[in-house]
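Every read-out reported here was derived from the displayed coordinates using simple, explicitly stated rules and does not represent laboratory data. Everything quoted here is computed from the prediction, not taken from an experiment. We place every Cβ from the backbone using ideal geometry, glycine too, and count neighbours over all the protein chains shown.
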Amino acid sequence: MRELVFVKLGGSVITDKNQPETARPEVIRRLAEEVARALRAQPELRLVLGHGSGSFGHAVAQRYGTRQGVRNDAQWRGFVEVAAAAARLNRIVADTFLAAGVPVWSLQPSASAWCRDGQLMLLATTQVDQALSQKLVPLLYGDVALDDRMGGTIISTEQIFVHLARRLHPDRIILVGAVDGVFERDPTRDPTARRVPRISPATWSMVRSLVGGSHAPDVTGGMLSKVEEMIGLVQELPNLTVHLISGEREGALERALQQPEDIAVGGTLIHW
Ligand code: IPE
């Protein structure tokens, strides 16, 4: 069976998290070219792409408290504002990847997502399956979602990946962020902070006490909750490897796609 890899481009790398609605077009273009080269080198690779919202969705979501529920008219207005902001970034990402030769098909998660108390229960997978069998690259993103207890909420790309992973059993998930994996302290504040090259469910409780939260507005939880989610997922799917890498380091994504177990790629591997 052809290898199946999920790749998330974190909002903190494809946007400037400190400027409202500001994409980083040159970074998105470079990452698109890295993916295009990896696909040319391994035409059999099956890829699902996702991206975060960074300075597009998070600020609006925080203003309306969308993650915590959508109950009144003003919050429903906020709900569609968040959806629109997330989709505006998605358009930029989709067009940039298409221009680089990656055949992405943008799928709007909120068109089919349904949550219960913030947990993603349903998401259409037919389009993802079909895209993969036609050698297209389905492209999803952190979005709003209906919730049968809270009215509405926000779903992160990681939640979408967890949901899809339970059905599609990817071999690998690569999470591309602003920092090179998990560090004992915040490396943007403390340059002497050491990288944690590998984490398994057995070592996680020790590592967790060292890892901090993310520092820009992040309504979906930052690094700690991302790692926690991925630890849970490798416990469910022991053949899965999750690789956290930096999108700032040129060539890191391309290498991670082509040389999965090469620890010199940097970052942090999460595995059983
Ligand atoms: C957040 O998605 C979605 C919205 C705020 C609309 P993610 O959690 O996947 O995004 P990043 O990577 O943290 O920006």
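Quick notes on this structure:
- For the range 14-27, the set of residues classified as within 19 Å of Leu140 (Cβ to Cβ) and surrounded by fewer than 24 Cβ atoms within 10 Å (Cβ to Cβ) consists of Ala23 only.
- Test: residue in the range 179-191 that is buried (at least 23 other Cβ atoms within 10 Å of the Cβ), in contact (Cβ under 8 Å) with a residue 24 or more places away in the chain and either among the aliphatic types (A, V, I, L, M) or more than 16 Å from the ligand (Cβ to nearest atom) (or both): yes
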